[in-house]
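Since the structure comes first, as structure tokens, the remarks are kept for the end.
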């Protein structure tokens, strides 16, 4: 915070020197932020207001809470619970996979570790849809994996169109979002701090539990947010890997909008948004450092 | 200070890749001694400290602690605690939790820990800071907490790695007194690493001057300052005039073409030597009274004294004096015989860095 203020003050000073007039300098700096303000109002704030408006009104523009309470219908409720369960499981799997990996990467501190980090990021450079469709091809009953299994005389794997396939897709797509924030926090832990814990008598397990884990919590929190939220709202992964058999809340909302039923779709979106806000609020309680908010 | 050797480093060699940091280092540290490892950055002083602490393992050689070989012992099993350069406090824990860290791991009773925290905070003059978070404290306060956190474990040796490096001058001086007081109250051995010669001279019982992985000289602060063994030590410890000269005969040295009486003997006849004269030992007198004559070329007021440069016989003499000679004044230079320190010239580059046996 402090450094930010200082650097701000510096920039202003520099600008004012260039223009020979302090006020002009500040004004021109403010003017530069205008495109961003237009962007935020036009593409974030107005759409949000529109969603809130649609969510709370009927077709003939009268106030109603029916769109919100639509969540309590058995189909929608099932879809919400399913989405919560699937995204929770994926988040836990991502965490269990990512933490040890981030730990190994941060400890090695070699040239190879940055190479491995790049490999982890690599899939993110490819289109999300493409990656998911690739998994569909791999997992299909007569897909690549089953062909290979058949070739070796092994029983085929039938996980396409099951919750397992969706979790696989979520983990595959969102794992980098868990690895990177944890890795970023871990490499920032000063080696002296770990030496200090060892120096004070802690063995490596105690050092991990009492020092490294608590200090890496902000990264874990932001990793959880970055995996859980997109997983909870996804409809693409469940569409492609779940066939039409598994319906998540994202799919329900998508269908409502596609059928032209904007009011119910918006109402359900608001409910989902509330769930996300609640989970973010819970997480941000543990995130004193603000690492998560920095990434969001 | 007793004569018991508490720590003995035997033939320690350590290198990182091609870079030899320590080359066959031998050093012992006595019980209840304040030893300072002093040298420029990259001289191997911190590596030596980390080897004692157990954070580095030497490639060759042994670390003997109270007669036992601890070369391969993990840091958490050594009776040694470290105060790190950047404090290395646990920022997610309160001050009290930081101090209690080592004691909790040793499973001490709650009462004992509480008493110890109170005692340690009192010792470092920070009573009542138990519930503060480390990042809400100033640098000096954080450093004291780091010291408190180390000493509650009652180590036999406290290792300090440039602990005052990040503090401003005034605070550094205050902390120097604090450290001396602490050492006297606790009665434990301090091994202190610094590149600040003034700090070393102020606090130490023994100074170990290091350069390029070799020990250059071991001695009391007075020894090191007054009788530097070679040009490196003389140059590193305070300002000095180091002049290439000829030892004419016993008790007579030819400096810049003029013969100065001195007290050293046994260097032979007409032998090239290095002469060290501290700036405060150069006496400025009337031109006709000096052994050589010169002209004052610069003058600075330094508070306690004036710092002058006198060009005489082609050498710019650095002079500290309480009396003022304006720039351009012709002066005579005279040095008391016992203030002229004669050193053998190194015959090659290698010899300059050669290790001196204790």
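Just so it is clear, none of the values below were taken in a lab; they were calculated from the coordinates. Fair warning: this is a prediction, and the values are worked out from it, not measured in the lab. For neighbour counting, all protein chains shown are included, and Cβ atoms are generated from backbone atoms with ideal geometry for every residue, glycine included.
Key figures for this structure:
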| quantity | calculated |
| --- | --- |
| Shape box of chain A [Cα atoms, principal axes, largest first, Å] | 67, 62, 34 |
| Rounded to 10°, Cα long-axis angle of helix B:139-151 versus longest principal axis of chain B | 60 degrees |
| Rg/Rg_globular for chain B, with Rg_globular taken as 2.2 N^0.38 Å and Rg from C-alpha atoms | 1.17 |
| Shape box of the stretch B:239-344 [Cα atoms, principal axes, largest first, Å] | 41, 25, 19 |
| Angle between chain B longest axis and helix B:95-105 axis [Cα atoms, degrees, rounded to 10] | 70 degrees |
| Cα long-axis angle, helix B:110-123 against chain B (0 to 90 degrees, to the nearest 10) | 20 degrees |
| log₁₀ of I(q)/I(0) at q = 0.15, 0.25 Å⁻¹ - the stretch B:1-99, Debye sum with one point per alpha carbon | -0.68, -1.41 |
| Alpha-carbon Debye profile of the stretch A:127-200, log10 I(q)/I(0) at 0.18, 0.20, 0.24, 0.27 Å⁻¹ | -0.77, -0.88, -1.06, -1.14 |
| Two-decimal log10 I(q)/I(0) for the stretch A:224-287, as the Debye equation yields it once each C-alpha is a single scatterer, q = 0.16, 0.25, 0.26, 0.28 Å⁻¹ | -0.58, -1.04, -1.08, -1.15 |
| Percent of alpha-carbon pairs separated by more than 24 Å within the stretch B:49-153 | 31 percent |
| Overall Cα dimensions of the stretch B:213-265 - principal axes, largest extent first, Å | 35, 19, 18 |
| Mean residue ellipticity (222 nm) of chain B, computed from DSSP H runs ≥ 4 via -39,500 (n - 2.57), nearest 500 | -7000 deg cm²/dmol |
| Ranked list, fewest to most other Cβ atoms within 10 Å of each Cβ, for A:216, B:15, A:33 | A:33, B:15, A:216 |
| The protein assembly as shown: Rg to Rh, with Rh as the Kirkwood radius over Cα pairs | 1.14 |
